[in-house]
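So the structure is just underneath, and the comments pick up after that.
Read-outs throughout are calculated quantities, based only on the coordinates presented, and are distinct from any laboratory measurement. It should be emphasised that the depicted structure is a prediction, and the values quoted were computed from it without experimental measurement. Virtual Cβ from ideal backbone geometry, glycine too; neighbours counted across all protein chains shown.
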Amino acid sequence: MAEAIIPNLPTNLEGPRARWKYLDNILGRRGPFTDVDWVPGAAIIESLERAKLLVIGAGGLGCEILKNLALSGFKDIHVIDMDTIDVSNLNRQFLFRHADVGKYKAEVAAKFVEKRVKGVKITPYCGKIQDKDEEYYKQFAMIVCGLDSIEARRWINATLVGMVDENDEDSLKPLIDGGTEGFKGQARVILPTMTSCIECQLDMHAPRAAVPLCTLATIPRQPQHCIEWAHIIAWDEERKEITLDTDDPEHITWLFQKALKRAQEFNIPGVTYSMTQGVVKNIIPAIASTNAIVAASCCNEAFKIATSTNPFLGVPETDNYMMYTGDESVYTYTFQHMKKSDCPVCGEDNLSRPLQVDPNSTLQEFLDGLAERPEAQLKKPSIRSEQKSLYYQSPASLEEQTRPNLTKKLNELLENGEEVVISDPAFPTQFRYQLTFKG
Amino acid sequence: MADLPPPVQGPTAKEKKYDRQLRLWGATGQMALESSHILLINSGPGVVGVETLKNLVLPGIGNFTIQDSAVVSEADLGVNFFLEEEHLGGFRAEHTCNLLKELNPDVQGSFITEPVESWLTQPDSLKPYTLILATAPIRPEILARLSAHAGASLIPIFYIHSVGFYSHFSIHLPPAFPIVDTHPDSETTSDLRLLKPWPELIQFAKEKTNALDTMAADDHGHIPYIAILLYHLEEWKKDHEGQVPQNYKEKTEFRTIVSKAARTNNPEGGEENYDEAVAAVLKSLNPPEPASAVKEIFKTPECVLVSRDSSSFWVIAHAIGLFYTKYGVLPVPGSVPDMKARSADYIQLQNVYKSKARKDVVEVLESVRFLERTADRKDPIDEKDVEAFCKNAAHIKLVRGRPFHVVQASETIEWGERAKSIAQNLTFPDSLVPLYIAFLAFDEFVATHDKDALGGAPKMPGETDAETDAEKVTGIAFKIADDLIKEAGTFVEEPDYSDLKTRTGEFVQELVRAGGAELHNIAALTGGLVSQEIIKAITEQYIPVDNTCVFDGVRSKTEVIRV
């Protein structure tokens, strides 16, 4: 049965906990799902206040996450973001005002929440997560991510998995990750090495298939094809000396006009400025409501993990993933995503995955395909076989030396069934594949 | 640069600010948001309503008003982000309103601090608002009055609970809430009419598959797959007494035929357009039969009897109903998915579909104009609306709004026609219906308890004595569940009945544990859900919750229940 407030908890309206009256109802009382050994009250409050949390991303999700964590009673929060504020952020990133455009997100967000919620300390870092090492990540009790990049998620995931030391339970940092796209999103909890990790779940977020270059170059059919042509082909042909800046309106206007002209040549309707911007910058629609839902779900899990006031997502052998869809009514699917034994990041023995390939395709084609494989999504892969280096992105000398292999066919370079090891500078892991020839 | 067209007008400042949302609901949705005025009747810890407003002020609703007579206390500062220390002792409505307004200079906000009981007695007090949000705890007589007003003036009203780890909201929409722009998943929208081709489409296919066997390799590899499928359908019909593939077995057989027709004597060992054709067989070779929900709409009284005052939806729906009766199909939507093809061929194909769609629109438009004349309607319906309706005719949706439960002290809750289905749902092990019942029991407790003997603010269970209140509320919840089972005329057998009681008891205990407190995370999440539903209700786009949603923050699950 539910228990009354335990006596040693200050409940008067004047005391130091007066502000946390509502929170303390939960922290000070057992519930039907709390563990039998769980003791409500002072010790729980202390551990909540002592927990040091890292928030990665101070954008749409990040703003919500910082607000939510501060009002969940956490006192020591760090936040990393490398971006500055853009005017198109203002429809959802509510810690920023028009006057803040151009300033660092992490700094403005931290200052704002500190001012609003007295007693919380928020330490910003304006830079990349890759600037920091294991020592840095070790200081946190858990990490909450509100990112829009798969690369950054994979990097922090691999780093946290790599940090786990069996003999030191403090080395295991729960990773709580949220993501949104329009009316859809997800919240998930990862206990590195214990439960399914971001890399295990990579195929849940399959990349969009790229349009073949020959379509862009010779037979465009859609307005997007004309925009991609302007972006990938025309710019390089006509303005090679200028680095394309997708935030520069002049550059977008140039691409738009190029695309429009090409579309007119082929009688393709529908090229607009807004579409040009969307395609070139790969814009994903984003709204405040979905961010609020996903961020709050992440913070709810963080709060439960820190306080044990209720069971949390991610307890091994239970649900660890909530998928959210809001365009047709409201739908959530909460389930247990299973750990993959052949996961290149957290799999027990980094087994190589079997992969069927066309022996007549070139090494270049094979590497291009890796960018689109849902479970790999590698953009700058280097590859070696059991026998030799096949292609290296760097150093320059090795790149030059291995470059001729790109145009060779796979059956000229490899035996059927040979294992290859692929690495990519974006990830601290290697991917192993056993390549068998089709047909 | 000489060969380029003159410089374009870039996006306006507003388009820049709202870019990420305009990509979802467009300029018309945005206009609808900007002409709305939302009223929040706030109470209790008062967070969920404010978090909802935050998500509406940011995307630029026109106007909001907060009614709240509470004074800012220390406890507010620990849970409400839109209050600061210097506001202690001031009116909560005033200060939350001001801090919300800071989020977006384009939004108007105002506040009312008069107690809701007396404020509501003023004539026309609710008149300015286009949508009402009421949060628990609220006295049943007040909620009943708001609900009656919304029902009579055909505006949406939302009723929300956010208590501890749980939340709930119900929406009362107008009795007929039709949506044209439902934004269906792009994969479900393609309607190519391969089984009911019209002459121009047949002609196109013939042209593109002429002398197929002797066609040059490059031409063969660029035949649009629609032409490939139409060609093989004709061939199939020759061998099958004029019939197209009828069932799964025949369709797979047909698929094999298409697959074998691909040329493999090339470096790639196959043809992409044939791969596309093969992949499209099972989903494209279906008769273009509208969904039963759409056919139902044609039979509703509002659609059958179009009058002078009918909204444009019903006039167009009636016209499309006539079209369907005449041809047995809906107007062609006119879009064609991308496929391997030469630019000119693809554009030609696109035009075949577009012309047919255009022709269908013209026919529907004629019926619309005829209806307008016979019903003596004043303003003609915009042709663009008819066009948009025809394009999405297969995906239109009608939501029948209905009042939510207002729990009155010691009155039995009625479930009406929903009793049977909900009673059945009640016994599923994962069902959140018991949580909804726990909220109803919470409301009954509120309806019968005051904070003090003077009839002041209502008292929520667990505010002072969680254990005693949990017992009381459990008793109420069990009675509600029993009444529901009785009204449904069913019987729940053991062990299901005991299991149901255990689950209901647990939900009640966890609910009462909070003592009416809001957890900021749950309030924020629920504010996200509610604001999303408000956006749908205002823009008349996407499909809203019909009509109740509960969230369980212990297991991180939602369920939508029609009550």
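Overview of values
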| item | result |
| --- | --- |
| Choice from A:Leu69, A:Leu23, A:Leu48 with maximal GNM fluctuation in chain A (Cα, 10 Å cutoff) | A:Leu23 |
| 30 Å Cα-Cα threshold exceeded, pairs from A:Lys75/A:Lys103; A:Lys339/B:Lys16; A:Lys67/A:Lys128; B:Lys54/B:Lys472; B:Lys127/B:Lys472 | A:Lys339/B:Lys16; B:Lys54/B:Lys472; B:Lys127/B:Lys472 |
| GNM flexibility winner over chain A from A:Ala396, A:Ala371, A:Ala109 (Cα, springs under 10 Å) | A:Ala396 |
| Along chain A, longest interval not containing exposed GluC sites (Glu not before Pro), exposed being DSSP loop plus at most 12 other Cβ atoms within 10 Å | A:15-165 |
| GluC sites (Glu not before Pro) within the range B:248-298, DSSP loop, no more than 13 other Cβ atoms inside 10 Å | B:Glu268 |
| Relative contact order (percent, whole number), the range B:416-516, Cα cutoff 8 Å, 6+ residue spacing | 39 percent |
| Sites B:Glu250 and B:Phe491, calculated FRET efficiency, Cβ-Cβ separation with R0 56 Å, nearest 0.05 | 0.75 |
| Mean separation of Cα contacts under 8 Å (6+ apart) over length of chain A, as relative contact order % | 14 percent |
| Amide H contacts of A:Met82 (H built 1.01 Å from N, under 5 Å, at least 5 apart or other chain) | A:Gly127 |
| Orientation-averaged projected area, Cα convex hull of the range A:153-194 (nm²) | 3.0 nm² |
| Estimated 222 nm signal from helices in chain B, with DSSP H stretches of n ≥ 4 weighted -39500 (n - 2.57), rounded to 500 | -15500 deg cm²/dmol |
| Where only alpha carbons of chain B are counted, the Rg and the Dmax (Å) | 29.1, 95 |
| Calculated FRET value between B:Thr374 and B:Asn98, using beta carbons and R₀ = 60 Å, to 0.05 | 0.65 |
| Choice from A:Ile143, A:Ile227, A:Ile176 showing the highest fluctuation, given a GNM over chain A with Cα pairs closer than 10 Å | A:Ile227 |
| Coordinate range along principal axes, alpha carbons of the range B:192-284, Å, largest first | 36, 29, 23 |
| Inter-label distance for A:Tyr136 and B:Ser421, nm, one decimal - labels placed 7 Å from Cα along Cα-to-Cβ | 5.4 nm |
| Distance cut-off 19 Å, percentage of C-alpha pairs in the range B:63-187 lying past it | 60 percent |
| Helical contribution to [θ] at 222 nm, DSSP H n ≥ 4, -39,500 (n - 2.57), averaged over chain A, rounded to 500 | -9000 deg cm²/dmol |
| Debye intensity ratio I(q)/I(0), log10, chain A, q values 0.09, 0.10 Å⁻¹ (C-alpha model) | -0.70, -0.85 |
| Whole-angstrom gap from the range A:276-337 to the range B:165-234, using each part's C-alpha centre | 33 Å |
| The protein assembly as shown: antiparallel DSSP beta bridges as a percent of all, rounded to 5 | 55 percent |
| Projected label distance in nm at B:Asn286 and A:Lys184, using a 7 Å step from Cα toward the beta-carbon | 1.9 nm |
| Percentage, to the nearest whole number, of Cα pairs in the range B:125-267 over 22 Å apart | 64 percent |
| Over the range B:292-399: Kirkwood hydrodynamic radius from C-alpha pairwise inverse distances, Å | 14.7 Å |
| Relative frequency of Cα-Cα separations exceeding 15 Å in the range B:511-563, percent | 56 percent |
| Rel. contact order, % - alpha carbon contacts under 8 angstrom, at least six apart, chain B | 20 percent |
| The range A:213-280: radius of gyration over Cα atoms, expressed as a fraction of 2.2 N^0.38 Å | 1.00 |
| Diffusion constant of the protein assembly as shown at 37 °C, which comes from Stokes-Einstein with the Kirkwood Cα-pair radius and 0.692 mPa s, µm²/s | 105 µm²/s |
| 4 °C / 1.567 mPa s Stokes-Einstein diffusion coefficient of the range A:353-437, Kirkwood radius on C-alpha pairs, µm²/s | 101 µm²/s |
| Directionally averaged projected area (convex hull, Cα atoms, the range B:1-117), nm² | 9.8 nm² |
| Estimated Rh, the range B:394-515: Kirkwood, alpha-carbon pairs, angstrom | 15.4 Å |
